[in-house]
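A quick write-up on the structure given underneath.
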Amino acid sequence: MNRFTETDQNCNCGCGLNLAPRHPRFLQALTTARELAGVPFVINSWTRCERHNKAVGGEEASSHLKGCAVDIGCKDSATRWKILHALMMAGFSRIGIGKTFLHADMDGEKPAGVVWLY
Ligand SMILES: [Zn+2]
């Protein structure tokens, strides 16, 4: 199985920040989820620097700032189900549902067992 690339993990502003290597358990769970889902994971956002997080309207305490959060693009209900189910099976307990993406993070400083909407 292909690994997630630096392009997936780096901040989208071009600053080169990549905090994903700090979170091996997150990386492993995300890899497992992708295998279970059987569909490509289009990573819209992973690591964010402070400046980029502000620029895209991220929350002040966004888990993207730590590199333990992803937004996965998904635009139809069947793909959404596959990814959502796989994320939960892989052990993710913090999931956000947007119209065109799913957010998943493993942030130990925030409540587990939550699904929210954007
Ligand atoms: Zn940046």
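Cβ separations smaller than 7 Å between residues 6+ apart or across chains give the following pairs from segment 72-91 residues that are under 14 Å from Thr31 (Cα atoms) to residues that are assigned to a helix (DSSP H, G or I) and of a type in the set (Val, Ile, Thr): Ile72/Ile83; Ala90/Thr32. Does segment 27-43 include one or more residues that are within 11 Å of the ligand (Cβ to nearest atom), of a type in the set (S, T, N, Q) and either over 15 Å from His103 (Cα atoms) or in a helix (DSSP H, G or I) (or both)? No - not one qualifying residue is present in segment 27-43.
Hey, does segment 45-67 have a residue that's in a strand (DSSP E or B), in contact (Cβ under 8 Å) with a residue 12 or more places away in the chain and within 15 Å of the ligand (Cβ to nearest atom)?
yes
Whenever a residue of segment 5-22 is more than 11 Å from the ligand (Cβ to nearest atom), its partners that are of a type in the set (Lys, Arg), lying with C-beta atoms within less than 9 angstrom and at least six residues away or across chains, give the pairs Arg22/Lys66.
With respect to Ile83, is the statement that it is part of a strand (DSSP E or B), more than 11 Å from the ligand (Cβ to nearest atom) and among the aliphatic types (A, V, I, L, M) true?
On the way: part of a strand (DSSP E or B): no; more than 11 Å from the ligand (Cβ to nearest atom): yes; among the aliphatic types (A, V, I, L, M): yes.
For Ile83, the condition - part of a strand (DSSP E or B), more than 11 Å from the ligand (Cβ to nearest atom) and among the aliphatic types (A, V, I, L, M) - is not met.
For segment 68-80, a residue qualifies if it is surrounded by fewer than 19 Cβ atoms within 10 Å (Cβ to Cβ) and part of a loop (DSSP other than H, G, I, E, B), and the qualifying residues are Lys75, Asp76. Just one residue in the set Val39, Val70, Val56 is over 11 Å from the mean Cα position of the chain (by Cα), closer than 23 Å to Gly91 by Cβ and hydrophobic (A, V, I, L, M, F, W, C); that residue is Val39. In summary, Pro40 fulfils each of the numbered conditions (1) touching a residue at least 12 places away in the same chain (Cβ under 8 Å); (2) over 21 Å from Gly108 (Cβ atoms); (3) of a type outside the set (Lys, Arg) with the single exception of condition (1). Among residues of segment 102-114 that are over 12 Å from Ala33 (Cβ atoms), those with a beta-carbon under 7 Å from a residue that is of a type in the set (Asp, Glu) at least six positions away or on a different chain give the pairs His103/Asp71. Out of Met1, Met89, one residue alone is at pLDDT 95 or above, away from the ligand (no atom under 11 Å from the Cβ), more than 19 Å from Tyr118 (Cβ to Cβ) and in contact with a Ser or Thr (Cβ under 9 Å, 6 or more places away or on another chain). It is Met89.
The values are calculated or read from the model by the stated rules, or taken from the named source; none is laboratory data. Everything quoted here is computed from the prediction, not taken from an experiment. Ideal geometry is used to build each Cβ from the backbone, glycine not excepted, and the neighbour counts take in all protein chains shown.
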